[in-house]
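Have a look at the structure below, then the notes.
The values are calculated or read from the model by the stated rules, or taken from the named source; none is laboratory data. All values derive from a computational prediction rather than experimental measurement. Glycine also receives a Cβ, built like all others from the backbone with ideal geometry; neighbour counts cover every protein chain displayed. Surface areas here come from the heavy atoms of the whole protein model, side chains and all, with no ligands, DNA or RNA. Shrake-Rupley method; radii C 1.70, N 1.55, O 1.52, S 1.80 Å.
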Amino acid sequence: MKKTLSIIALSIIGFGLVSCKKENKETQGTETATTDSAAVAAPLTTDSAAAPVTGEAAAPVSNEPSTSVALSENSFDFGKIKKGDKVEHVYEITNTGKNPLIISEVKPGCGCTAPDFTKEPIMPGKKGKVTLHFDSSSFDGNVQKYADVFANVEKSPIRLTFTANIQP
């Protein structure tokens, strides 16, 4: 019984691991990202019955009252960049709700992406930032990456994506 539980636990943990590996034109389309272009202009409001599935362990649920947000954009294209370049992009997030917005965590889908984000509560009507830093050293060709933003919104996490075309 203990062996079975250990195997199940290791299997579950194994599914949560994400690795960075070279992507080429053959595998470029295999990574999935859920983006909703309506989220760029409209506040995010949903029912809490449906939680997005990202294939990773979920971040702790916030005990803070929920609020709603609007993003300046949820997807960005760096265009052509040189292999080895370290680039970054700032995503602006506006609290459109009535409660303070608290970003508890930003989980990138790959070790090649490092996040920075507004750590203090973002008051209603105010703006915060999520910055994604990308190191292109290990990649060639077209890549698509993401980071999940965990906050006190009903539809959490919020997925931010970016693409780049890595040139030699």
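Report D for the stretch 120-168 in µm² per second (integer): Stokes-Einstein, Kirkwood Rh on Cα pairs, 4 °C, 1.567 mPa s. Using the Kirkwood radius from Cα pairs, D works out to 98 µm²/s.
Excluding Asn165 itself, what net charge comes from residues whose Cβ is under 9 Å from its Cβ, given Lys and Arg +1 and Asp and Glu -1? Summing Lys and Arg as +1 and Asp and Glu as -1 gives 0. Each peptide among 153-162, 76-85, 112-121 gets the average number of other Cβ atoms lying within 10 Å of its residues, and from highest to lowest they stand as 153-162, 112-121, 76-85.
Average accessible surface for the stretch 72-168: 45 Å² per residue, computed with a 1.4 Å probe over protein heavy atoms with every protein chain in place.
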